[in-house]
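These notes are about the structure you will find just below.
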């Protein structure tokens, strides 16, 4: 199926609910087959089902670092990132439309770190 889609798409997008090292290995396989850039779609770290939100930041950061170190990866869509997730009951916001301030502050810091990383990479390319 991947090979059949390859001529018709610019980017391959996959759901992959696994720890960062497994996502990396999977993406390496997908990229080897397709040669296309990859987008991690509709994914949240697996541990988010087991831990309180205040403890999610380490897993979020680990996934960000893993993905940005894989050149073929162009992004990550996080499940429930900006809205209440009634299906999984897990996301950046809970049922009362509130998030854990400590977690959200750490996510903001990690996202700024990634933006800085992208800027530095862009400067190296120019």
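Taken together, the values in this text are just the output of simple stated rules run on the coordinates, not laboratory data. Note that the structure is a prediction, hence the values are computed from the model and not measured. Cβ placement follows ideal geometry from the backbone for every residue including glycine, while neighbour counts extend to all protein chains displayed.
Estimate the FRET efficiency between residue 2 and residue 54 by the formula 1/(1 + (r/R0)^6), using the beta-carbon distance for r and 30 Å for R0, to the nearest 0.05. Please report the intermediate quantities before stating the final value.
On the way: r = 38 Å, r/R0 = 1.28.
That gives a FRET efficiency of 0.20.
Based only on other Cβ atoms within 10 Å, what is the fewest-to-most ordering of 60, 8? Could the numbers behind the result be given before it?
Values: 60 21, 8 6.
Going from sparsest to densest Cβ surroundings: 8, 60.
Sorted from fewest to most neighbouring beta carbons within 10 Å, what does the list 54, 13 look like? All intermediate terms of the calculation are to be shown ahead of the outcome.
Details: 54 11, 13 15.
Least crowded to most crowded, the residues run 54, 13.
Which order results if 24, 112 are arranged by neighbouring Cβ count within 10 Å, fewest first? Could you put the intermediate results ahead of the total?
Details: 24 18, 112 10.
Taking fewest neighbouring Cβ atoms as first place, the list is 112, 24.
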